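Everything below concerns the one structure shown next.
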Amino acid sequence: MRRRTAQTEKPSPAAIQAAYENLLAVNEFAFGGVGIVGTTSAGEMAYRTVFASTNALTLFQSALAKGRHETKLYALVAIRHLDNKSFDAAAKA
């Protein structure tokens with residue numbers, strides 16, 4: 001059985017929308033294992049789903065404008081990966 005990953009399947013529009021809404025509401029910024037058992041944070045899971053979408057740059061730019069401080073950090077990481085040339089301007093906004 002083939003494992004589902006962001007590289008093999010694109011998330012559905014509903015999953016992307018839900019992840020975007022979750023990203024706007026995160027209250028912590030963390031990549032990698034969190035806590036004693038090394039759980040992936042809800043923010044990172046939302047980030048990965050939005051990042052896998054076909055309109056990721058637009059969604060992260062919107063999150064940068066609308067989100068909490070933690071959301072903005074995820075958005076800036078994504079913008080740097082997706083459009084490095086616009087990162088400096090986005091970071092100053």
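Shown in residue order for segment 11-20 are the 3J(HN,Hα) couplings computed by the Karplus curve 6.51 cos²θ - 1.76 cosθ + 1.60 at θ = phi - 60°: x, 6, x, 5, 5, 5, 4, 5, 5, 4 Hz (x for Gly and Pro).
Solvent-accessible area assigned to carbon and sulfur over the chain amounts to 54 percent, based on a 1.4 Å probe. The HN-Hα couplings worked out from phi for segment 74-82 by the Karplus form 6.51 cos²θ - 1.76 cosθ + 1.60 (θ = phi - 60°) are 4, 4, 5, 4, 5, 4, 4, 6, 8 Hz, whole numbers, x standing for Gly and Pro.
Under the simplified labelling scheme, the H69-E28 pair shows an inter-label distance of 1.6 nm, with each label point 7 Å from Cα along Cα→Cβ. What you get for the chain, charging only the Cβ of Lys and Arg (+1) and of Asp and Glu (-1), is a dipole of about 200 debye around the Cα centre. Near the amide H of T40, within less than 5 Å, lie the amide hydrogens of V34, all on another chain or at least 5 residues away, with H placed in the peptide plane. Based on protein heavy atoms only, the chain ends up with 67 Å² per residue of surface accessible to a 1.4 Å probe. Net charge in the neighbourhood of L57 (other residues with Cβ under 14 Å of its Cβ; Lys, Arg +1, Asp, Glu -1) is +1.
Comparing S62, S41, S12 in a Gaussian network model of the chain where C-alpha atoms under 10 Å apart are linked, the largest mean-square fluctuation is found at S12. With a ≥ b ≥ c the root eigenvalues of the C-alpha gyration tensor of the chain, is it rounded (a/c under 1.5), prolate (a/b larger than b/c) or oblate? Taking the square roots of the gyration eigenvalues as a ≥ b ≥ c, the chain is oblate. Computed as a quarter of the hull surface, the mean projected area of the alpha carbon convex hull for segment 24-69 stands at 3.2 nm².
Note on K72: lysines with a C-alpha under 22 Å away, same-chain residues under 8 apart excluded, are K85, K92.
The values are calculated or read from the model by the stated rules, or taken from the named source; none is laboratory data. Note that this is a predicted model, so its numbers are computed, not measured. Positions of Cβ are generated from backbone atoms using ideal geometry, with glycine treated the same way; all protein chains shown enter the neighbour counts. SASA here: full protein model, heavy atoms, side chains in, ligands and nucleic acids out. Shrake-Rupley method; radii C 1.70, N 1.55, O 1.52, S 1.80 Å.
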